[in-house]
Amino acid sequence: MRDIDSFTALNRFGMGAGPGDEALIGDDPRGFVQAQVRPPVAVPAELAGFSSSAAMIRDYAVARRARDGSIQQVNRSQFALFRDEVLAATALVVATPTPLVERMVRFWSNHFTVSRSRGPIANMIPAYEREAIRPHVFGRFADMLKAVVRHPCMLIYLDNPSSMGPNSVSGAGRIRRQGLETTLNENLAREVLELHTLGVDGGYAQEDVIQFALALTGWSHGGLRRGGDEEIHGGFVFVRRQHEPGPKTILGRLYPEDGEAEVLHILDDLARHPATAHHLATKLVRHFVADDPPDDAVRRIARVYLDHDGDLAAVTRAVAALDAAWADPLAKVKSHQDFVLAVNRAAGNADPRVPDVFRPLRLLGQFPYLAPSPQGWGDRAEDWIGPESVMIRLEWAHQFAARRAGGQDLRRAFEASIGAVARDATRTWVFRAPSQDAGLTMIWTSPEFQRR
């Protein structure tokens, strides 16, 4: 590796250094990063053949209604699809010449977390990411926001299909029959405001949550039984009889009754809100600069976001242009997922298997798409590094080196991955290692490799 900027380009803005990446970067690491921002982002061939979320939700719904035991077979077959797509995405990370795209997919997927903790959608989340996140990582934030909120996986995860306006046909009937106080579910509205757009200090009140939740009533999918001869499918549907009639007022703005379109207008306004710009800028600067994001960098990125109407290509270019993002190559600790993917990429593991991905992430507590809450995974060093996790990383890296990395030249592997930032002590220990496996393990578990 030529220099520290090359290390930063591949680790801070990419997914780790792989064999041959030095030639890929050339003598302009910053230009290499900027050149990867090329909208629109197409679904890569490695992922194009997998099932859509709509097909998976439909199959799940049909099997669940059958009540003949076929749901177990559907769960098994869909988990196999989930496993295979995660492995295919890992192979893509290993081989891609545009690793910034893969980092941004994971950043925005975590921002718009949908978790396997919700059983019906557990195996469909790679499809959600492929459909709602990936196409928009260099597009407009408003378009990604609308794709996410409209996606059945997000609707199911945050319970919106069960939400009914108290004055809607369905809601009023349920209140009358069951004596309920309300039929409204606020989960999706609250998380969109708190996590996805304005942020917890973004200036909204509980009444804004309620009004937004009322607007969201009727946003559902076609895999639920509602009576009649409705088609079973896994796509989005707007169920008018669940929708709360009348105008809604959110953040002081009145939205006239407009059915499904109400939410689209609200999301456009939320995407353009200064609080959203600040919230997103803070998360981006934390991810690419430091755990404690510098205020001046946050202000600069928020300004770019507002000036370009949420164009994430312009925002990403601005983040990559921050001198602060290149100042300290070891400022950030790799998450467990980042670490495992970086080891696979460093080894050039073009055919990753379950022990290369699922096993270590399960042991480390970051199983794919299993974030503990809608807040997603943390992005500070304290979220990832402790004595137990360091030992698990060490043990797995040694097993991986013994199983997968035979034939690698130790000196070349060292220089390609951490050579530009390695301390003298690290260099000494690696080249005094009693075996190639031990040397590779020392590279991959060194402080330099575990940071980005």
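The values are calculated or read from the model by the stated rules, or taken from the named source; none is laboratory data. Nothing here was measured: the structure is a model prediction, and the numbers come from that model. Every residue, glycine as well, gets a Cβ built from its backbone with ideal geometry; the counts of neighbours run over all protein chains shown.
Working only within segment 111-131, note down all residues that are farther than 16 Å from Gly234 by Cα, outside any helix (DSSP H, G or I) and out of contact with any helix residue (DSSP H, G or I) (no Cβ under 6 Å at 6 or more places or on another chain).
Thr113, Ser115, Arg116, Ser117
Residues are listed down the side, and each one gets a yes or a no for (1) free of Cβ contacts under 8 Å to residues at least 60 places away in the same chain; (2) charged (D, E, K, R); (3) in a loop (DSSP other than H, G, I, E, B); (4) within 23 Å of Leu184 (Cα to Cα):
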position	(1), (2), (3), (4)
Thr249	yes, no, no, yes
Leu254	yes, no, no, yes
Leu270	no, no, no, yes
His278	no, no, no, no
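Of all residues in segment 92-104, how many are within 21 Å of Pro29 (Cβ to Cβ) and assigned to a helix (DSSP H, G or I)?
Of the residues in segment 92-104, the ones within 21 Å of Pro29 (Cβ to Cβ) are 93-104.
Restricting the remaining residues to those that are assigned to a helix (DSSP H, G or I) gives 93-95, 99-104.
Number satisfying all stated conditions: 9.
Would you point out the residue of segment 402-432, among those that are in a loop (DSSP other than H, G, I, E, B) and modelled with pLDDT under 95, that is nearest to the chain's Cα centre (by Cα)?
Ala405
Does Ala147 fit the bill of being buried (at least 18 other Cβ atoms within 10 Å of the Cβ) and within 19 Å of Phe238 (Cβ to Cβ)?
yes
Among the residues in segment 94-106, are any under 16 Å from the mean Cα position of the chain (by Cα), hydroxyl-bearing (Ser, Thr, Tyr) and under 19 Å from Asn11 (Cβ atoms)?
The answer is no, given that none of the residues of segment 94-106 is under 16 Å from the mean Cα position of the chain (by Cα), hydroxyl-bearing (Ser, Thr, Tyr) and under 19 Å from Asn11 (Cβ atoms).
Let me spell it out: the conditions are (1) within 30 Å of Phe79 (Cβ to Cβ); (2) surrounded by fewer than 17 Cβ atoms within 10 Å (Cβ to Cβ), and Pro387 meets all of them except one. Which number is the exception?
(1)
Within the set of pairs 6 or more residues apart or between chains, which connect a residue that is assigned to a helix (DSSP H, G or I) inside segment 347-370 to a residue that is buried (at least 20 other Cβ atoms within 10 Å of the Cβ) and among the polar types (S, T, N, Q) with Cβ atoms less than 7 Å apart?
Filtered contacts from segment 347-370: Asp356/Asn344; Asp356/Asn349; Val357/Thr90; Leu361/Gln337.
Of the residues Ala80, Ala89, which is without any contact (Cβ under 8 Å) to a residue 60 or more places away in the chain, within 20 Å of Leu341 (Cα to Cα) and either in the same structural domain as Ala63 (by TED's automatic domain parsing) or under 15 Å from the mean Cα position of the chain (by Cα) (or both)?
Answer to the selection: Ala89.
Just one of the numbered conditions (1) surrounded by 22 or more Cβ atoms within 10 Å (Cβ to Cβ); (2) modelled with pLDDT of 95 or more is not true of Gly223; which one?
(2)
Any idea which of (1) over 21 Å from Leu24 (Cα atoms); (2) under 30 Å from the mean Cα position of the chain (by Cα); (3) surrounded by 15 or more Cβ atoms within 10 Å (Cβ to Cβ); (4) of a type in the set (A, V, I, L, M, F, W, C) is the one Phe449 doesn't satisfy?
(1)
Regarding Asp269, is this residue under 30 Å from Pro247 (Cβ atoms) and not aromatic (Phe, Trp, Tyr)?
For Asp269, the condition - under 30 Å from Pro247 (Cβ atoms) and not aromatic (Phe, Trp, Tyr) - is met.
For segment 46-74, which residues satisfy the criterion of being more than 18 Å from Glu230 (Cβ to Cβ), part of a helix (DSSP H, G or I) and touching a residue at least 12 places away in the same chain (Cβ under 8 Å)?
Glu46, Leu47, Ser53, Met56, Val74
So if I check each of Gly26, Gly16, which one is without any contact (Cβ under 8 Å) to a residue 12 or more places away in the chain and either within 30 Å of Ala318 (Cα to Cα) or of a type in the set (Asp, Glu) (or both)?
Exactly one residue qualifies, and that residue is Gly26.
Is there a residue being surrounded by fewer than 18 Cβ atoms within 10 Å (Cβ to Cβ), modelled with pLDDT under 95 and among the hydrophobic types (A, V, I, L, M, F, W, C) anywhere in segment 174-191?
yes
Could you tell me which residue of segment 321-336 is farthest from the chain's Cα centre (by Cα), considering only residues that are crowded, with 21+ Cβ neighbours inside 10 Å and either closer than 22 Å to His136 by Cα or charged (D, E, K, R) (or both)?
Result: Lys332.
Taking segment 383-411, which residues are touching a residue at least 12 places away in the same chain (Cβ under 8 Å) and among the charged types (D, E, K, R)?
Those that are touching a residue at least 12 places away in the same chain (Cβ under 8 Å) and among the charged types (D, E, K, R): Asp383, Arg393, Arg403, Arg404, Arg411.
Here is a yes/no grid of residues against (1) crowded, with 17+ Cβ neighbours inside 10 Å; (2) under 18 Å from Phe358 (Cα atoms); (3) β-branched (Val, Ile, Thr):
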| position | (1), (2), (3) |
| --- | --- |
| Arg38 | no, no, no |
| Pro44 | yes, no, no |
| Ala48 | no, no, no |
| Asp59 | yes, no, no |
| Gln73 | no, no, no |
| Gln78 | yes, yes, no |
| Phe82 | yes, yes, no |
| Thr90 | yes, yes, yes |
| Val101 | yes, no, yes |
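Arg118 - would you say it is at pLDDT 95 or above, out of contact with any His (no Cβ under 9 Å at 6 or more places or on another chain) and outside the structural domain of Phe212 (by TED's automatic domain parsing)?
It is false that Arg118 is at pLDDT 95 or above, out of contact with any His (no Cβ under 9 Å at 6 or more places or on another chain) and outside the structural domain of Phe212 (by TED's automatic domain parsing).
For segment 169-183, name all the residues that are in contact (Cβ under 8 Å) with a residue 40 or more places away in the chain and in contact with a helix residue (DSSP H, G or I) (Cβ under 6 Å, 6 or more places away or on another chain).
Listed by number, the residues that qualify are Val169, Ser170.
Output the residues belonging to segment 170-216 that are farther than 20 Å from Ile156 by Cα, in a loop (DSSP other than H, G, I, E, B) and of a type in the set (Val, Ile, Thr).
Val200
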